[in-house]
Amino acid sequence: MTCQEARLLIAEELGGTHPVSIELNSHMKDCAACRAEADEIRTIWARLGSLPEPEPRPWMATRFYAALDAYEQGLRERRPGFWRWWPSRPIWQLGISLGCLAAGLLAGTMLVRHSGTASSNEIAELHKEMTGMRQMVTLSLLQQQSAAERLRGVTWSYRAEPNDLEVLGALLRTVTTDSNVDVRLAGVEALRNFGDSQVARRGLINALPKQDSPLVQISIVDALAELKDRNARLALEALLAKPNLDPNVRQRITDALRSPGSGARISAPQQ
């Protein structure tokens, strides 16, 4: 055995990858240089084993778990194939579903015109599904925490059927209780589409005294004046009697109630 081979076996022996061999022991007895080198290496190895294990700094744990959370989040968001393009927000999922349904309705209509074999019941069923989808999107958006999303919900309400009581009720709740002035203003404008409904007119009358924004008050006054609801007079007179009423609101109510020849005049209710 050469000295070079012996040095390699010494390292493997200390690392635990090679058992102590008879040949190495025999060489060590005859070679003082290898024996001295082996003793030196064993001394250094023993000192290394006695060193304390380093403790990680406190911020290392924070970074580690942050990286782990980011990795797990990436795994959850990763979708194979086509599904990686599918949006995660429910409202966009509804929008895409509605678009697909609209495309299906259009294709069905064209097929009916071309072949003349589809029945009117099938078309009516598709129309019913479309109406239900519009209602679902509108109601979902009106319940979002974001004011921008609720404004989109008000816009979607224009696509609802005029006799849709679910959408009508959601709009009335928006006008009465929403915390955002812009959303309430948009809700008042949307309720004009339900002007033929006594429920809508009564809801606007009930919402008027609950408003703290002069802009919303003026918008409701104008809507009631346009709808010429006779039952609105008492609500307007009650609001007019408040001493701290905004001057612009007071003037708008006065014009609606008393201006002769005005198209917006609201007459007293018939007894």
**Report entry** Two-site FRET efficiency, E237 against N193, from Cβ-Cβ distance with R₀ of 30 Å, rounded to 0.05
**Finding:** 0.65
Query raised in the report: FRET efficiency for A46 and Q143, Cβ-Cβ distance as r, R0 = 45 Å, nearest 0.05?
Result: 0.05
Query raised in the report: What is the spin-label model distance, in nm, from N25 to L106 if the labels are put 7 Å beyond Cα along the C-beta direction?
Result: 9.0
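If I stretch the segment between D212 and R230 completely, what's the gain in nm (0.36 nm per residue apart, minus their alpha carbon distance), one decimal?
That works out to 4.1 nm of additional length.
Quick note: the coordinates plus some simple rules give every number you see, no bench work behind them. What you see is a predicted model; the values in this text were computed from it and never measured. All Cβ positions, glycine included, derive from the backbone under ideal geometry; neighbour counts span all protein chains shown.
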